[in-house]
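S.K.: I have a structure I would like to understand better, so I am pasting it below and will then ask my questions one at a time.
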Amino acid sequence: MDDFERDYPDHRHAPYFEHGDEGQTNTSNNRTFYEVMDGHMRRRGFLAGGIAAMAAGLFGNALSVRGAFAATSAPSALLGFDAVPVSFDDTVVVPPGYKVQILGAWGEPIVGAMPAFDPANTGADQAMQIGQHHDGLHFFAIDGSSTDGLIVVNHEYIEPRLLHVAKWKGMELGADDVVYAEDGSREDDDVLKEMNAHGVSVYRAKRGADGAWAIAADPMNRRITALTEIELAGPVRGTDYLKTRFSPDGTRTRGTLNNCAYGVTPWNTYMAAEENWAGYFANTDAEMSAGQKRYGISDDPKGGRYGWHLAKGAADEVIRFDISAKGASAAEDYRNEANGFGWMVEIDPMDPASVPVKRTSLGRFAHEGVVFAPAVEGRPVVCYSGDDSRFEYIYKFVSDAPYAAGSKGDILDSGTLYVARFEEDGTGKWLALKPGENGLTPENGFADLAAILVDTRLAADKAGATKMDRPEWGTVDPTSGEVYFTLTNNTKREQSQVDAMNPRAENNFGHIIRWKYADGDHSATGFDWNLFVLAGTPQHSETADGAALGEDNIFACPDGLWCDPDSRLWIQTDMGDIGPEHKGPLKEFGMNGMLAADPATGEIRRFLTGPWGQECTGVITTPDQTSMFVNFQHPGAHATPEQFAAGDMGSTFPDGDKAQPPRSATIVITRENGGKIGA
Ligand code: FEO
Ligand code: CA
Ligand code: CA
């Protein structure tokens, strides 16, 4: 099968490259399971006998665990809708009896002077509008209402050619391309618009008597962008790592970047993840730190993405993205600026005047998102977060203080960060990333807790964590307490690196894992794990009840994941920029979309397919589950530079007008009978 980095050395232009993702940077010698398997396991010949033998080996291996997880073959009573077919159309398809409306697209006004969307909007306009490239989203009900609440939505990154289409129309540009002036600089307002299209949008949405949802102008509406002032809290606050010209005492930074998925705290605030932040920076120093290399900071003078530091006006808020050492000390330049990114950012949507806070105790890496275990009074707060890059790790944080009514975000400022080691016998262990434990000593380069948290990946390498196939979203099943995580794909895993946890070489299709604790205690350090599904074609898949995926449910590259209050497991797919002409191993899956699964039976059914080029990411319902909010990100991103130059922007979603750029958007799904979604 294709491997896009092999077939497309400039892999950012490969046909199903996921724009917004960074390349692999884990060069540690941590062993995979395969390397520690005993002779018995090796003789089993994972994959050697074909995929069927592999699957049998996989589930046979985990049988003891599998028996302990709930699984029946009775048809699911949870899934009450008819499967939608695989789609190759530039449209949104939902089951019979369901309907769809567009709610919040990129560029819709929410604050200030409320400038209407126009492709020619300025950078200042963009600061008053919904950002681009929607990802995680949540509905914060107002007074428990299911017809009135705050939508909070992350904006992961941008597609410059669409953001600036009024200026760049007719140019041969790919989805990631940026236009520089002849002298290598960037236009100030272009950069401002890009920074304001990042971050998080908060807006009030209400359902009218006609059943339709609409954005409401409201004092709680808010934009947080790449420029918003943000506090840093926890063990790294005030340390040398965070000292910059902007914040000589190391307590503040500006902006949040590449906000992918999210979490909701037990005290009902929103946490936005900072995922692929490394590419925003450039470092042309002769020598980069081990940590900077490990995160993939670019030594290209333009940086890895948009070259913001090259904006003509050289304002302080842009030059900070060049982290080369320039001044006499850290307080005189921006050598530490990148240390202010890669965190989980807490936002209180109910208080528009609140300053967002980066909680450094949760570690610094390519946070996909965060998922909190149900809080129990008197027990620690526990949350999980995946590091989405090839061969990266899954983490867990356990607070020192017990949760109590009235607990707030500062409970997260003291606790233990762990990283997962999965054993091939179906057990696992959380390894503490703590000074003096698991090799994290000054002699090994970890002077203190702040050093461990800033260079979390290096600490996890040292501790001996298990390299996974790109951990994306996680969720906790409210019925069983089991934790589910998507492992979206990893085309770079080689045969010799195959293990029980990541059982396929050149993993194009991805899988979903789950784990649980003996007595349901999420703060425990030992757990049992199993695989829930191996995604793929009928020939390359297996569900928890031993069936293959088929017509009603083949899918690949699971990414977004959410278990609703009834335990319906919603699975969203991100196969990259899939368009109708797509070729390669993912072509038979059609457009990206969403499925629902029953964790107890293993049954999976396709619920939704989306338009051309997009990935489906972000899903939540109102408390009564009668309205569901879903995002489509980067519609049209598959359009080639030649197509773009010819005026074909790849998709007409959501406006249905070829003259308008395709726009990421939040849609709302309801039922004609007013019932619960999915039931
Ligand atoms: Fe932002 Fe890993 O998806
Ligand atoms: Ca994702
Ligand atoms: Ca993804």
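S.K.: Across every pair of different alpha-carbon atoms, what Kirkwood hydrodynamic radius in Å does the range 418-474 reach?
M.R.: Numbers: mean 1/r = 0.0840 Å⁻¹.
Roughly 11.9 Å, rounded to one decimal.
S.K.: Check Arg252: other-chain or 5+ apart residues with amide H under 5 Å from its amide H, H built from backbone geometry?
M.R.: Here the answer is Leu232, since their amide H atoms fall under 5 Å of that of Arg252.
S.K.: Averaged per residue, what accessible area in Å² does the range 595-675 show with a 1.4 Å probe, protein chains only?
M.R.: Result: 25 Å² of accessible area for each residue.
S.K.: Something else now. Compute the length gained on full extension between Ala116 and Asp82: take 0.36 nm times their separation in residues and subtract their Cα-Cα distance, giving the result in nm to one decimal. Intermediate values should be presented prior to the final figure.
M.R.: On the way: separation 34, 0.36 × 34 = 12.24 nm, distance 3.83 nm.
In short, 8.4 nm is gained.
S.K.: With a probe of 1.4 Å, find how much accessible area the range 73-217 has per residue, and write the answer as a whole number in Å².
M.R.: Details: 5180 Å² over 145 residues.
Value for the range 73-217: 36 Å² per residue.
S.K.: Same structure, new question: Could you rank the peptides 379-386, 576-583 by their average count of other C-beta atoms within 10 Å per residue, with the highest value first?
M.R.: Details: 379-386: 24.4, 576-583: 20.4.
Ranking the peptides 379-386, 576-583 by packing returns 379-386, 576-583.
S.K.: With a 1.4 Å probe and all protein chains left in place, how much of the accessible area of the chain comes from carbon and sulfur atoms, in whole percent?
M.R.: Numbers: 11040 of 22040 Å².
Of the solvent-accessible surface of the chain, carbon and sulfur hold 50 percent.
S.K.: Excluding residues fewer than 8 places away in the same chain, name every one of the lysines whose C-alpha is closer than 21 Å to that of Lys243.
M.R.: Excluding near neighbours in sequence, the set is Lys293, Lys326, Lys358.
S.K.: For the chain, with the dipole built from +1 on Lys and Arg beta-carbon atoms and -1 on Asp and Glu ones, taken about the Cα centre, which of Val345, Gly610, Gly647 lies farthest toward the positive end?
M.R.: Val345
S.K.: Still on this structure: Semi-axes of the equivalent ellipsoid of the range 542-679: what are they in whole Å, largest first, if each equals the square root of 5 times a C-alpha gyration tensor eigenvalue? Don't skip to the end; give the middle numbers.
M.R.: Values: eigenvalues 161, 77, 20 Å².
Ellipsoid semi-axes (Å, largest first): 28, 20, 10.
S.K.: Here is a follow-up. Quick one: 3J(HN,Hα) in Hz for the range 301-312, Karplus 6.51/-1.76/1.60 with θ = phi - 60°, rounded, Gly and Pro as x.
M.R.: Each residue of the range 301-312 in turn: x, 8, x, x, 10, 10, x, 4, 5, 9, 4, 3 Hz.
S.K.: Go through Lys99/Lys676; Lys169/Lys302; Lys396/Lys492; Lys467/Lys492 and tell me which ones have a Cα-Cα distance over 18 Å in this structure. If you can, show how the numbers build up before the last one.
M.R.: Numbers: Lys99/Lys676 13 Å; Lys169/Lys302 23 Å; Lys396/Lys492 25 Å; Lys467/Lys492 12 Å.
Going by Cα-Cα distance, Lys169/Lys302; Lys396/Lys492 fall outside the 18 Å limit.
S.K.: What's the percent breakdown of Cα-Cα distances in the range 250-384 across 10 Å bins, shortest bin first?
M.R.: 12, 37, 31, 15, 5, 0
S.K.: Could you work out the equivalent-ellipsoid semi-axes for the range 379-456, taking the square root of 5 times each eigenvalue of the Cα gyration tensor, largest first, in whole Å? If you can, show how the numbers build up before the last one.
M.R.: Numbers: eigenvalues 100, 67, 29 Å².
Semi-axes, largest first: 22, 18, 12 Å.
S.K.: Let me have the 222 nm mean residue ellipticity of the chain computed from DSSP H runs of 4+ only, each contributing -39500 (n - 2.57), with the sum over all residues rounded to the nearest 500. Working shown, then result.
M.R.: Values: 14 runs with 80 residues, N = 679.
Theoretical 222 nm ellipticity from helices: -2500 deg cm²/dmol.
S.K.: May I ask you to give the average projected area over all directions of the convex hull of the Cα atoms of the range 135-287, in nm² rounded to one decimal? Walk me through the numbers before you get to the answer.
M.R.: Numbers: hull surface 54.6 nm².
With every direction weighted equally, the projected area is 13.6 nm².
S.K.: Excluding Ile620 itself, calculate the net charge of residues whose Cβ lies under 13 Å from the Cβ of Ile620, where each Lys or Arg counts +1 and each Asp or Glu counts -1. All intermediate terms of the calculation are to be shown ahead of the outcome.
M.R.: On the way: positive: Arg568; negative: Asp135, Asp564, Asp624.
Net charge around Ile620: -2.
S.K.: May I ask you to list the aspartates and glutamates whose Cα is less than 17 Å away from that of Lys429, ignoring any residue fewer than eight positions away on the same chain?
M.R.: Partners within reach: Glu392, Glu437, Asp461, Glu482, Asp499, Asp519, Asp521, Asp528.
S.K.: How large is the convex hull of the Cα atoms of the range 118-182 per residue, expressed in Å³ as a whole number? Mind dumping the intermediate values first?
M.R.: Working: hull volume 7.4 nm³, N = 65.
Hull volume normalised by residue count: 113 Å³.
S.K.: Scan the range 585-672 for GluC sites (Glu not before Pro) in coil per DSSP, keeping those whose Cβ has at most 15 other Cβ atoms within 10 Å, and list them by number. The partial results should precede the final answer.
M.R.: Numbers: sites: Glu588, Glu603, Glu615, Glu642, Glu672; in loops: Glu603, Glu672.
Here the GluC sites (Glu not before Pro) that fit, given the DSSP loop and packing criteria, are Glu672.
S.K.: Apply the Karplus curve 6.51 cos²θ - 1.76 cosθ + 1.60, θ = phi - 60°, to the phi angles in the range 595-605 and return the couplings in whole Hz, x for Gly and Pro.
M.R.: Residue by residue, the range 595-605 yields 10, 10, 10, 9, x, 6, 9, x, 5, 9, 9 Hz.
S.K.: Additional query: Enumerate by residue number the GluC sites (Glu not before Pro) in the range 272-328 meeting two conditions: DSSP loop (anything except H, G, I, E, B), and at most 11 other Cβ atoms within 10 Å of the site's Cβ. The partial results should precede the final answer.
M.R.: Details: sites: Glu274, Glu275, Glu287, Glu317; in loops: Glu275, Glu287.
Of the GluC sites (Glu not before Pro), the ones in loops of the range 272-328 whose Cβ has at most 11 other Cβ atoms within 10 Å are Glu287.
S.K.: Per 10 Å bin from zero, what fraction in whole % of the C-alpha pairs of the chain is there, up to the bin with the longest pair?
M.R.: Pair shares across the bins are 3, 16, 28, 29, 18, 5, 0.
S.K.: While we're looking at this one, here's another question. Find out how many positive minus negative residues lie around Gly510, taking Lys and Arg as positive, Asp and Glu as negative, among other residues whose Cβ is under 10 Å from that of Gly510.
M.R.: Working: positive: Arg470, Arg504; negative: Asp469, Glu472, Asp559, Asp574.
That works out to -2.
S.K.: Per residue of the range 127-134, in order, report the coupling 6.51 cos²θ - 1.76 cosθ + 1.60 (Karplus, θ = phi - 60°) as ³J(HN,Hα) in whole Hz, putting x for Gly and Pro.
M.R.: After applying 6.51 cos²θ - 1.76 cosθ + 1.60, I find 5, 10, 10, 4, x, 9, 6, 4 Hz.
The values are calculated or read from the model by the stated rules, or taken from the named source; none is laboratory data. A quick note: this is a predicted structure, and the numbers were derived from the prediction, not measured. We place every Cβ from the backbone using ideal geometry, glycine too, and count neighbours over all the protein chains shown. The accessibility values were calculated without ligands, DNA or RNA, using every heavy atom of the protein model including side chains. Shrake-Rupley method; radii C 1.70, N 1.55, O 1.52, S 1.80 Å.
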